[in-house]
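To start, the structure itself, in structure tokens.
What follows is calculated from the coordinates using simple rules that are stated; it is not laboratory data. The model shown is predicted, which means the values in this text are computed figures rather than measured ones. Virtual Cβ from ideal backbone geometry, glycine too; neighbours counted across all protein chains shown.
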Amino acid sequence: MNEKIKNYLFYASGIALVAAAVLYATQWEYASYLYAVASAGVALYYLTTPYRGENKRIRRLHGYMVFAGLLLVASSFFMFRKEQTWLLCLLISAALQLYVVIVRKE
């Protein structure tokens, strides 16, 4: 897949993910479906963008991002089951992604 298209899909999935999380709080009935599609898009981006370099530190950080994407998919599962665990998975995923962004800048 073209990298430019893949990046745009990632951005769209990220925006849809935030919108679905906000809409879920308003009790919109289709928010779970939007969240599931968006979380699958983010996870798919992380899974299909492997790190091919030799730096072990960045490889470990990429592994954190893959795990964060899988946590987003798990949070959509809990969202469908109407459990509050979805929020915990979302917060852990966000914390991991924030950690990777901060550490990678150094």
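Of note:
- Which of Ala95, Val22, Ile58, positive extreme of dipole for the chain (C-beta unit charges): Ile58
- Gained length - Ile58 relative to Leu91, 0.36 nm times residue gap less alpha-carbon distance: 9.7 nm
- The HN-Hα couplings worked out from phi for the stretch 41-54 by the Karplus form 6.51 cos²θ - 1.76 cosθ + 1.60 (θ = phi - 60°) are x, 5, 5, 5, 4, 5, 6, 9, 10, x, 8, 9, x, 9 Hz, whole numbers, x standing for Gly and Pro.
- Sites matching trypsin sites (Lys or Arg not before Pro) across the stretch 1-59 that sit in DSSP coil, with at most 10 neighbouring C-beta atoms within 10 Å: Arg52
- The phi-based Karplus calculation (6.51 cos²θ - 1.76 cosθ + 1.60; θ = phi - 60°) puts the 3J(HN,Hα) values of the stretch 71-79 at 5, 5, 5, 5, 5, 5, 4, 5, 5 Hz, whole numbers, x for Gly and Pro.
- Between the beta carbons of Val37 and Phe67, assuming R0 = 25 Å, the FRET efficiency works out to 0.80 to the nearest 0.05.
- In degrees, nearest ten, helix 85-105 long axis to first principal axis of the chain (Cα): 30 degrees
- Under 29 Å, Cα to Cα: Lys pairs in the stretch 3-105, sequence gap 8 or more or different chains: 5
- Once the Cα atoms are used to define both axes, helix 3-25 deviates from the longest principal axis of the chain by about 30 degrees.
- The slack in the chain from Leu98 to Ile5, taken as 0.36 nm per residue of separation less the alpha-carbon distance, amounts to 31.1 nm.
- Computed over the alpha-carbon pairs of the chain, the distance histogram in 10 Å steps reads 16, 45, 30, 9, 1 percent, short to long.
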